[in-house]
Amino acid sequence: PREKGLRWEKWSPQAVKELVGDGKPVYVDFTARWCATCQFNHRVYDSPEIRKEIKERGIVLLKADWTDYDPVISQTLKTEFQTEAVPLNVLYVPGRSAPVILPNLLTPANVRAAFAELDKEK
């Protein structure tokens, strides 16, 4: 689905594994409709600079919608990220074992700082 001019795919652990395995950077938004901070964070995608950078860098956007407490999302939050809360935004950089975890409150500056990790040596 398209949202704020961006194309978001449905998240799954398998999708992340396959995309990163293919050398693609993957940005995951663990979110829920009832999460006020999540809704606030989504404003960052209004930024033309952010949208442009996502497109230029070929970042694949995945949305992990936890509105109905999906058990796979719950398990991933707990085991992979040691949290039981959203928002959680992460960037998987091909060639790196651990993803970049963004701050709870997103700003264009901290999202672009995470994207800059794609320029660093792997």
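The values are calculated or read from the model by the stated rules, or taken from the named source; none is laboratory data. All values derive from a computational prediction rather than experimental measurement. Here the Cβ is made from the backbone with ideal geometry for all residues, glycine too, and neighbour counts use every protein chain on show. Surface areas here come from the heavy atoms of the whole protein model, side chains and all, with no ligands, DNA or RNA. Shrake-Rupley method; radii C 1.70, N 1.55, O 1.52, S 1.80 Å.
Scanning segment 1-35 for residues that are of a type in the set (F, W, Y), within 12 Å of the chain's Cα centre (by Cα) and either open to solvent by 70 Å² or more (accessible area, probe 1.4 Å) or closer than 18 Å to E80 by Cα (or both) yields W11, Y27, F30. Any residue at all in segment 76-88 that's among the small types (G, A, S), touching a residue at least 24 places away in the same chain (Cβ under 8 Å) and surrounded by 13 or more Cβ atoms within 10 Å (Cβ to Cβ)? Scanning segment 76-88 turns up no residue that is among the small types (G, A, S), touching a residue at least 24 places away in the same chain (Cβ under 8 Å) and surrounded by 13 or more Cβ atoms within 10 Å (Cβ to Cβ). All conditions in (1) more than 19 Å from S47 (Cβ to Cβ); (2) out of contact with any Cys (no Cβ under 6 Å at 6 or more places or on another chain) hold for V86, with the sole exception of (2). Within segment 49-75, the set of residues being free of Cβ contacts under 8 Å to residues at least 40 places away in the same chain, in a helix (DSSP H, G or I) and under 19 Å from W8 (Cβ atoms) comprises K52, K55, E56. Residues in segment 76-95 that are in a loop (DSSP other than H, G, I, E, B) and within 13 Å of V16 (Cβ to Cβ) were compared, and the one that is modelled with the highest pLDDT is V93.
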